[in-house]
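One structure is given below, encoded as structure tokens.
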Amino acid sequence: MNARTAVKPLRSIAIFGAVGALVAGIALPAFASSKPSEAAPTTLQQLAAVDAQSLVVASQATAAPLSRGTFSATTPEEIAKKKAEEAAAARAAAAAATTASTSSRFNTAGYALTSPGSGEVRYPLPMGSWNVSRTVGGAHNGADMLAPAGTPIYAAAAGVVRASAESIGGYGVCVMLDSVVGGQRVQTTYGHMLYNSRQVQVGQTVAAGQLIGYVGSTGRSTANHLHFEVWINGGLVEPMSWLSVNAG
């Protein structure tokens, strides 16, 4: 073997050694930097404290009431109940206002609330407060007794209320009574009263001279007056003549 032949293996070994040294110099620092830190272990509680958030558990939570306008409730049922109560209160207030407005039209000054007299039959209006404009004739079955609006109307005889309503045909606001006078069946009708002025209801027992309503002009009427009818044993009679004979 000559000197040139011996040099070739040595050159190859030197090249491989240089390449190995180069790879080790690059790879080993990167591997070392990727190893886990040797610092003290971190707990879950410590990690959570870094980005902590507030949490209220169910046992600590309280339900806030729902607000619906003027209603304060926690359920739809309570809201509905509150609405119903306020609606009922509003209706009661409206009814009271209507009654007060109507009552202000009643002309009770100077009139007794019970018809004067002690007889079995009484005049249905206070004496001296009325005059007759029309009586029985043609299709007209009663006497029209003209009087100021709000004049008290009295039961002409004791009896039971057969009808009492805010509208009975052409009579308008009307009350009808069934009585027995001198052994005879007597029916009396009181028509054209003021709205909301009736003082008696169907089935109620009334005394002679008891207040039953107030003069108005409801139904088929053109002026304030009481339309007064008298029927005896089912037959129509002239009411003013009957009153003049029996009232006292």
Legend entry - Filter result for T205 (at pLDDT 95 or above, of a type outside the set (K, R), within 18 Å of R122 (Cα to Cα) and crowded, with 16+ Cβ neighbours inside 10 Å): no
Inset, instruction - Spot the failing condition for N196; the list is (1) in a strand (DSSP E or B); (2) farther than 21 Å from S244 by Cα; (3) at pLDDT below 95, and only one is missed. - result: (1)
Legend entry - Filter pass, G183 being surrounded by fewer than 22 Cβ atoms within 10 Å (Cβ to Cβ), under 25 Å from M127 (Cβ atoms) and in the same structural domain as M145 (by TED's automatic domain parsing): no
Legend entry - Failed item in (1) at pLDDT below 65; (2) exposed (fewer than 11 other Cβ atoms within 10 Å of the Cβ); (3) not aliphatic (A, V, I, L, M), with R91 passing the rest: (1)
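Please find, among G182, G213, G209, the residue that is more than 25 Å from G128 (Cα to Cα) and touching a residue at least 60 places away in the same chain (Cβ under 8 Å).
Values: G213 fails: more than 25 Å from G128 (Cα to Cα); G209 fails: more than 25 Å from G128 (Cα to Cα).
After applying the criteria, what remains is G182.
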Inset, instruction - Would you check which residues across the stretch 120-176 are basic (K, R) and either buried (at least 21 other Cβ atoms within 10 Å of the Cβ) or without any contact (Cβ under 8 Å) to a residue 40 or more places away in the chain (or both) and list them? - result: R122, R134
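So which residues in the stretch 116-143 are among the polar types (S, T, N, Q), in contact with a Leu (Cβ under 8 Å, 6 or more places away or on another chain) and part of a loop (DSSP other than H, G, I, E, B)? Quick ask: steps written out before the conclusion?
Quick first cut of the stretch 116-143, residues among the polar types (S, T, N, Q) only: 118, 129, 131, 133, 135, 141.
Adding the requirement that they be in contact with a Leu (Cβ under 8 Å, 6 or more places away or on another chain) leaves 131, 133, 141.
Once the filter is applied, which keeps residues that are among the polar types (S, T, N, Q), in contact with a Leu (Cβ under 8 Å, 6 or more places away or on another chain) and part of a loop (DSSP other than H, G, I, E, B), the stretch 116-143 yields only N141.
For G248, are the conditions met, namely being closer than 22 Å to T114 by Cβ and at pLDDT 95 or above? Steps first, please.
Working: closer than 22 Å to T114 by Cβ: yes; at pLDDT 95 or above: no.
Criteria not met by G248.
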Inset, instruction - Test Y214 against the stated conditions and say whether it is of a type outside the set (V, I, T), in contact with a Ser or Thr (Cβ under 9 Å, 6 or more places away or on another chain) and part of a strand (DSSP E or B). - result: yes
Inset, instruction - Taking the residues in the stretch 208-231 that are surrounded by 15 or more Cβ atoms within 10 Å (Cβ to Cβ) and of a type in the set (A, V, I, L, M, F, W, C) as candidates, determine which candidate is nearest to the chain's Cα centre (by Cα). - result: I212
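The values are calculated or read from the model by the stated rules, or taken from the named source; none is laboratory data. These numbers come from a predicted model, not from an experiment. Positions of Cβ are generated from backbone atoms using ideal geometry, with glycine treated the same way; all protein chains shown enter the neighbour counts.
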